[in-house]
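Notes follow once the structure below has been shown.
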Amino acid sequence: MGAHRLEATVEGQGCHVTQSVGTPAGTRSSLWGRRLAARLVDTLLAVALSALVVWPGAWSAAGDALAAAGFSSVADFLGDWDAGSAAGTAAAQAADALQPVVLGAVLLQTLVIWLYETLATTLAGTTPGKAAQRLRVHVRHGDTAVGPGQQPHRSWPVRLLRMGLRAALVLVPPALAVGMSLAGALGAAEAASVAEVAIALTAVLGLFALVGDAGVHGLLTGTRVVPFGWEEARGRAQALGADATRQGRAQLDRARRQGQARVEQVRRQDPQQLVQRGRQALAQRGITVGDEQVEKVSQAVDSFLSRAQRQRRP
């Protein structure tokens with residue numbers, strides 16, 4: 001399969017961006033080294049970030065669980081722990097108390113790593129590790145090329161959902177393997193068997209992702225990792241900025257039209273009816289307005305509508 005080309009013109013700046021999507025046939029397998037390096041960098045960064053967020057609370061909860069079972073430290077527990085410890089012993093009780101703490105910590109770390117992956121690929125189209133290797137996640141919009149002066153249809157909620165699913169497919173198998181391995185080490189029944197299946201699934205999916213074009217996560221979400229140049233990245237950033245500016249202007253114009261329509265609706269109404277409706281609304285809340293105050297409000301409304309009509313005239 002050859003390379004696809006997308007063309008886009010940055011509105012109002014005269015910047016014509018041409019980018020290659022995908023790589024020529026026969027060269028995709030050469031990206032596996034860069035993809036592996038990017039994955040290792042992202043894994044180290046994401047694990048470090050999640051550890052800073054999750055481990056302080058998890059360590060405190062683990063200490064409380066061990067203290068409740070009569071252990072003063074983790075080293076004290078590990079010295080007495082044996083996977084074959086009889087139920088009812090202090091070590092077994094401590095292990096049972098640690099299982100939800102460990103699984104909760106793994107779950108929270110997975111969530112932090114998922115946010116790292118999802119937000120990075122949604123907002124920037126790449127992660128720090130991929131950017132260092134000049135790789136990005138490309139979303140397939142079909143085989144139809146985008147012509148000059150046109151922009152591909154972008155729906156940020158759909159993109160967020162797509163990237164979130166992609167990250168989940170990448171992270172869930174290894175997270176399940178780690179969680180079940182730790183739970184099995186603490187004596188959870190059948191956890192070791194689940195961990196073996198999760199480890200095998202992680203290995204198969206990882207090899208398929210490195211050797212293949214997109215991996216299972218890419219095939220299911222319509223994405224794949226492709227190389228890019230920094231000039232292309234600058235052009236894409238300009239295109240995204242122009243697209244965001246255009247959408248912002250459209251929203252401002254829509255709000256302005258709605259405001260003008262509302263003003264026109266008020267202009268067509270009788271000032272006395274507006275005053276009476278306001279007086280009735282206040283009366284329903286138990287607020288009585290005297291005739292003198294009503295007269296002042298009526299004069300103010302008349303003055304406002306008169307100025308508005310004069311400003312409307314050419």
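Quick note: the coordinates plus some simple rules give every number you see, no bench work behind them. None of the values given here were measured: they were computed from a predicted structure. Counting neighbours? That spans all protein chains shown, and the Cβs are built from the backbone with ideal geometry, glycine included.
From most to least packed by mean Cβ count within 10 Å, the peptides 193-206, 105-118 give 105-118, 193-206.
Exposure proxy ranking for Ser50, Ser181, based on other Cβ atoms within 10 angstrom of each Cβ and starting from the fewest, stands as Ser181, Ser50.
In order along region 54-65, phi translates into HN-Hα couplings of 9, 4, x, x, 5, 5, 5, 5, 5, x, 5, 5 Hz, rounded to whole numbers, per the Karplus curve 6.51 cos²θ - 1.76 cosθ + 1.60 with θ = phi - 60° and x for Gly and Pro.
Please rank Val297, Val170, fewest neighbouring Cβ atoms within 10 Å first, as an exposure proxy.
Numbers: Val297 16, Val170 23.
Ranking Val297, Val170 by Cβ neighbours within 10 Å, fewest first, gives Val297, Val170.
Going from the fewest other Cβ atoms within 10 Å to the most, the residues Asp42, Asp76 appear in the order Asp76, Asp42.
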